[in-house]
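Student: What follows is a structure written as structure tokens; I'll ask about it next.
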């Protein structure tokens with residue numbers, strides 16, 4: 001018997017994994033509970049009884065970047081971000097309704113040699129400036145590049161979400177991958193939900209946190225208010241467990257949902273959670289985070305990946321030429 | 001001509017190529033919407049963007065040979081997990097999985113044809129009429145100054161309908177020739193297809209290629225007995241006939257031949273209804289017609305070189321000549337009865353004149369002669385009705401074949417030996433006449449069903465098989481074209497099917513499709529072949545680089561089964577009534593109206609039936625203006641001299657095969 005088996009026999013819950021989520025952007029303030037006096041687990045109705053809106057659009061985005069040239073130690077980055085909204089029809093098939101992309105260069109132009117800077121500025125119109133102080137520290141520089149690209153992507157997604165919510169039908173919902181609170185307009189929309197898969201920022205503590213992280217599958221937590229994103233717009237949020245975490249890890253199958261800060265959100269939290277629970281099938285495989293990734297959001301991502309420039313595909317383990325055979 | 005403008009129609013798909021599944025000069029892959037109108041056998045067109053992104057570059061035509069559908073499901077287990085093991089939960093997921101319709105197509109034609117390159121990544125369109133003509137290379141013989149196109153059916157796919165044509169130069173000759181059709185029995189596909197194709201040939205055979213006729217052996221029931229009678233066509237069938245520019249009417253000129261039954265007067269066919277029997281000509285042959293094909297009739301196992309030599313002797317020195325048997329009797333052997341007399345004279349001579357001391361005659365041993373006598377005379381017994389002991393024969397018009405006429409020989413109820421004889425002699429005569437250019441037409445299509453029986457891949461080398469091989473390999477130079485049909489193509493001699501320039505397939509049995517001959521077909525094509533509906537065929541033709549599926553209309557003639565229902569065969573009539581009926585039909589001048597039955601019956605009363613048959617055969621042979629007068633004359637003239645010389649027997653008696661004679 002292994003030592004951990006002895007722990008499990010002693011009452012611990014079996015686990016697996018060790019990967020931690022990347023931290024969410026922005027600082028997390030402690031949450032204010034808006035449903036009940038204490039954070040509780042609320043069982044959801046059976047998935048087959050879930051009320052799924054007839055009209056739903058899904059928004060997701062992707063980013064790609066790669067160092068494509070060096071001017072001395074200055075790393076010149078080619079980047080691509082894209083986002084799309086795809087509406088689900090009555091047959092369950094997604095159709096693209098909004099779509100935007102941006103190809104741009106990330107470069108500290110003031111640190112480049114004049115001839116190369118001239119060449120760059122003549123051949124590329126879309127250059128995203130970056131602080132040149134980190135040029136001498138390549139690793140930190142690339143972290144800065146990454147955050148820059150993410151910021152551009154978040155901006156693109158926000159624009160698209162606002163455009164989409166402006167045109168949403170009377171009964172149509174929008175589910176977006178990530179924080180709802182990035183855009184005040186979207187955050188206040190009555191039929192927009194943000195679905196967050198990463199749990200780097202914790203809004204709960206103590207007994208409430210433990211209840212949230214050990215939430216059984218098919219349950220949601222009580223609703224609490226959070227402020228997120230750089231706009232600090234208040235939204236209501238709660239956790240939903242899509243798949244049993246026992247035997248996996250605490251975050252397995254755990255979603256955090258954001259809706260507008262309105263009493264109606266609290267009233268409908270169980271109904272909306274039941275809907276999202278029903279969305280766990282089909283599985284979003286082969287995505288590694290399929291346990292938290294809703295399939296339609298996965299499909300939007302796959303759609304965007306198919307359109308992304310091939311030269312910015314993620315590097316494989318080996319940089320040797322790779323063949324299909 | 002290569003089109004220079006892009007297709008106006010919306011594309012239905014796009015070519016995709018990966019390292020694992022690349023495009024090649026002969027194959028490509030494309031995807032379509034999930035809800036698409038194309039399927040296996042559909043013809044598609046790929047258009048490559050021209051240089052600079054304007055106009056069109058290379059155009060490729062292909063036929064869909066395989067289809068795939070799959071989703072983004074990584075493993076079936078994920079579906080189980082998603083549904084929590086409950087299939088009912090998996091029925092209506094909120095979001096449909098991303099899925100693909102992915103097709104493989106075989107290249108039919110590339111334009112330009114040189115340099116031959118892999119299929120480009122381009123948009124895929126459904127092929128229209130003109131595209132089908134281009135794809136199948138039909139433009140060369142459809143739009144030329146001397147078109148040679150023969151419609152075989154309609155290509156139908158994606159709501160489009162385009163005629164498909166065969167090239168007469170490759171169907172009738174001389175470039176290639178022959179057609180072979182395979183398919184399971186009982187669906188009437190093979191016979192119907194040949195009937196339709198014959199109608200199409202007659203309607204479209206180009207004048208510059210001369211005159212054409214067809215000769216069909218009816219070997220099963222009433223299959224081909226009603227080709228001159230209209231069948232029941234639906235409006236859809238008539239529309240297809242119109243689209244193919246083929247008249248939806250039965251054959252205008254049909255000549256039917258059938259042997260007589262053993263009674264020598266009733267026809268051995270199912271087309272004996274009083275309204276139709278008049279159009280059936282008796283087919284009877286005598287010794288002269290048969291002896292040249294003795295090889296067909298004699299079992300090779302017991303006819304050795306010595307017997308062969310004796311048959312040759314009879315053929316060269318005896319038949320049709322005045323011949324002294326060496327025992328004081330002169331013979332002129334023209335019939336089986338004459339031959340029997342000659343044999344008896346020889347045997348008596350050896351027994352009596354030579355006192356039994358000699359056992360050979362003209363170097364031929366008596367045992368050999370007995371064996372040959374036994375076998376030859378047995379023919380007239382086994383094939384009684386087809387082979388007559390005595391009297392003139394009734395044969396096909398070997399020098400007067402008519403243009404666009406179908407000659408049907410009904411041998412369905414004839415002994416297999418007789419069928420072989422009919423087949424061998426008819427085909428040999430056709431060949432002889434065509435070689436001499438004396439048949440009356442320039443080309444003859446010979447339709448033979450049941451090739452599994454007549455030209456099997458294994459088994460003994462029969463005379464019939466050799467003849468079929470000969471037609472297959474050399475017939476196209478003569479204009480002798482074989483349209484063969486069988487159930488199992490794999491079991492027909494491969495030189496017979498291999499020499500057929502055009503191959504047609506109806507619904508096939510899966511076991512048959514599993515044989516090596518079908519390895520070139522994809523599983524999807526095989527599945528389609530195994531479930532082909534009536535009226536649909538797969539066609540391979542020298543101009544088509546890939547098999548093409550076509551629909552053909554129901555033939556415009558009465559099907560055999562319907563024919564016997566509408567025109568039930570008459571019961572055999574008594575001898576005298578049969579004679580009356582035949583004389584009425586043979587009376588050319590008076591059209592039968594001046595022949596009164598009682599007149600004929602009085603004439604033949606108390607007359608020997610063999611004499612009456614001979615007289616009737618003479619009328620049939622001569623075709624006089626006044627049939628009755630000539631019949632009376634022949635009956636009288638024939639009887640008188642023979643009455644003076646009492647015959648030992650009235651007819652050649654059947655030989656008892658279990659006699660004490662060891663041969």
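Every number in this text was worked out from the coordinates using simple rules, so none of it is lab data. All figures in this text were calculated on a predicted structure; none of them were measured in a lab. When we count neighbours, we look across all protein chains shown, and the Cβ atoms used for this are built from the backbone with ideal geometry, even at glycine.
Student: Would you please classify the overall shape of region B:161-287 from the alpha carbon gyration tensor, given that a ≥ b ≥ c denote the square roots of the eigenvalues, rounded means a/c under 1.5, and beyond that prolate means a/b larger than b/c while oblate covers the rest?
Tutor: Cα axes put region B:161-287 in the prolate bin.
Student: Now for a separate question. Taking only C-alpha pairs under 8 Å that are 6+ residues apart, what is the relative contact order of chain A in percent?
Tutor: It comes to 24 percent, rounded to a whole number.
Student: Quote the Stokes-Einstein diffusion coefficient, in whole µm² s⁻¹, for the protein assembly as shown, based on the Kirkwood radius over alpha carbon pairs, a temperature of 4 °C and a viscosity of 1.567 mPa s.
Tutor: After rounding, the answer is 36 µm²/s.
Student: Could you list log10 I(q)/I(0) for region B:195-353 at q = 0.15, 0.18 Å⁻¹, which the Debye formula gives when each Cα is one point scatterer?
Tutor: Debye curve over Cα of region B:195-353, log10 I(q)/I(0) at q = 0.15, 0.18 Å⁻¹: -0.96, -1.14.
Student: Then there's this: Tilt of helix B:235-244 relative to the longest C-alpha principal axis of chain B, in degrees (0 to 90, nearest 10)?
Tutor: Its long axis makes an angle of about 90 degrees.
Student: Translational diffusion coefficient of region B:367-426 at 20 °C, 1.002 mPa s, Stokes-Einstein with Kirkwood Rh over Cα pairs, in µm²/s as a whole number.
Tutor: Estimated diffusion coefficient is 158 µm²/s.
Student: I would also like to ask the following. Mind grabbing the base-10 log of I(q)/I(0) for region B:13-135 at q = 0.15 Å⁻¹? Debye formula, identical points on the C-alpha positions, no solvent, two decimal places.
Tutor: The calculated log intensity ratios at q = 0.15 Å⁻¹ are -0.72.
Student: Sort B:225, A:164 by Cβ crowding within 10 Å, fewest neighbours at the top.
Tutor: A:164, B:225
Student: Using Cα atoms only, what is the angle between the long axis of helix A:114-123 and the major principal axis of chain A, expressed in degrees (0 to 90) to the nearest 10?
Tutor: It works out to around 60 degrees.
Student: Remind me, relative contact order of region B:13-135 in percent, using alpha carbon pairs under 8 angstrom and six or more residues apart?
Tutor: 39
Student: Let me ask you something else. Give the Rg/Rh ratio for region B:70-128, taking Rg as the radius of gyration of the Cα atoms and Rh as the Kirkwood radius, to two decimals.
Tutor: Ratio of gyration radius to Kirkwood radius for region B:70-128: 1.27.
Student: Nearest 500 deg cm²/dmol is fine: what mean residue ellipticity at 222 nm does chain B get from its DSSP H runs of n ≥ 4 alone, each adding -39,500 (n - 2.57), divided by its residue count?
Tutor: Estimated from H runs of four or more residues: -9500 deg cm²/dmol.
Student: Right, something else. What are the extents of the Cα atoms of region B:401-528 along their three principal axes, in Å, largest first?
Tutor: Cα spread of region B:401-528 along its principal axes, largest to smallest: 49, 30, 23 Å.
Student: So what is the relative contact order for region A:62-170, in percent, with contacts set as C-alpha pairs under 8 Å and at least six apart?
Tutor: For region A:62-170, the relative contact order is 28 percent.
Student: With both bridge residues required to lie in chain B, what share of the DSSP beta bridges run antiparallel, to the nearest 5%?
Tutor: Expressed as a percentage, antiparallel bridges in chain B total about 65.
Student: Hey, how many Å between the Cα centroid of region B:381-424 and the Cα centroid of region B:241-281?
Tutor: 14
Student: On to the next question. For peptide A:82-95, compute the average count of partner chain beta-carbon atoms within 10 Å of each residue's beta-carbon.
Tutor: 2
Student: In the calculated pair distance distribution of region B:288-382, what percentage of Cα-Cα distances lie above 15 Å?
Tutor: Tail of the P(r) past 15 Å holds 59 percent of the pairs.
Student: Pairing the Cα long axis of helix B:609-622 with the longest principal axis of chain B, what angle in degrees results, from 0 to 90 and rounded to the nearest 10?
Tutor: Once rounded, one gets 60 degrees.
Student: Moving on. Taking the radius of gyration and the Kirkwood hydrodynamic radius from Cα positions alone, what is the Rg/Rh ratio for chain B, to two decimal places?
Tutor: Rg/Rh: 1.10.
Student: Quick one: in region A:62-170, what % of C-alpha pairs are over 24 Å apart?
Tutor: Of all Cα-Cα distances in region A:62-170, 37 percent exceed 24 Å.
Student: Going by how many other beta carbons lie within 10 Å of each one, how would you line up B:427, A:223, fewest first?
Tutor: In increasing order of surrounding Cβ atoms, one gets B:427, A:223.
Student: Rounded to a whole number of µm²/s, how large is the Stokes-Einstein D of chain A at 37 °C and 0.692 mPa s, given Rh as the Kirkwood radius over C-alpha pairs?
Tutor: Rounded to a whole number, D works out at 152 µm²/s.
Student: Using Cα springs under 10 Å in a Gaussian network model of chain A, which residue among A:37, A:201, A:54 shows the largest mean-square fluctuation?
Tutor: Of A:37, A:201, A:54, the Gaussian network model singles out A:37 as fluctuating most.
Student: Let me ask you something else. Counting other C-beta atoms within 10 Å, which of B:152, B:346 has the fewest, and how do the rest follow?
Tutor: B:346, B:152
Student: With the crude spin-label approximation of a point 7 Å out along Cα→Cβ, what separation in nm comes out for residue A:41 versus residue B:571?
Tutor: Taking the simple label geometry, residue A:41 and residue B:571 are separated by 9.4 nm.
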